[in-house]
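Right, one structure below, let's go through it.
The values are calculated or read from the model by the stated rules, or taken from the named source; none is laboratory data. None of the values given here were measured: they were computed from a predicted structure. For neighbour counting, all protein chains shown are included, and Cβ atoms are generated from backbone atoms with ideal geometry for every residue, glycine included. Accessible surface areas use protein heavy atoms only, side chains included; no ligands, DNA or RNA. Shrake-Rupley method; radii C 1.70, N 1.55, O 1.52, S 1.80 Å.
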Amino acid sequence: MKRLCYSIFLAIGFIFFVVSCTEEQDFDQIDDLRVTPTLASGLFYLESDEETINAAGPLNSFYFQEVNFDAFNEQYVAERLLEGVITYEMDNTTSKELQIIIEFLDDAGQLLDTELFTIEANSSETWDIPYGPGGKSIDILTNTSSLRITANNLSDSISVSSAEDPKIILRSGAQFVFQLQ
């Protein structure tokens, strides 16, 4: 009998110990979860040699292209875009001052925004253009359907750089932050 009382006392004590060390679980915490992934991507690449620039002539375009930009054509994705940064890197080893124009167009071909860059001969520059809080309107990105890129020679058509392989190279990339929840 003494052993039975002792066993019952231990069982009750163990149950009390287990119950007293646990909390009620809150499975609604998932509602408070905020996931904001960052997506990085290249946008476009432009390269042209000095011979092509000279052939276009002074104050003329030597490059023109329109590229699709359907990154946000799904409404679900466009609604969750919080911010973004587009980075443009330009390396100009030519003897020419050049102008690069990047136009953001909606699906009807209407102009939403323009980026205009002038780059001196034999120079390199990088520009970061923010969109969203503290930057340009995020609506520019979410409504863009295509990009129109134009490159102009602002110099003469006879000078030649002393660089081994003179050219202009434009690289562009972007980072976008989304709210998934």
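Annotations for the structure displayed:
- Across all C-alpha atoms in segment 52-155, the radius of gyration and Dmax reach 15.5, 47 Å.
- Dipole magnitude of segment 75-181, debye to nearest 20 (Cβ charges: Lys/Arg +1, Asp/Glu -1, about Cα centre): 140 debye
- Cα Rg over Rh - segment 118-181, Kirkwood: 1.10
- Of all accessible heavy-atom area on segment 34-178, the percent that carbon and sulfur account for (1.4 Å): 46 percent
- For the peptides 151-158, 105-112, the ranking by packing is 151-158, 105-112, with the highest mean count of neighbouring Cβ atoms within 10 Å listed first.
- Probe 1.4 Å, accessible area per residue of segment 39-87, Å²: 61 Å²
- Heavy-atom accessible area per residue - segment 136-178, 1.4 Å, Å²: 43 Å²
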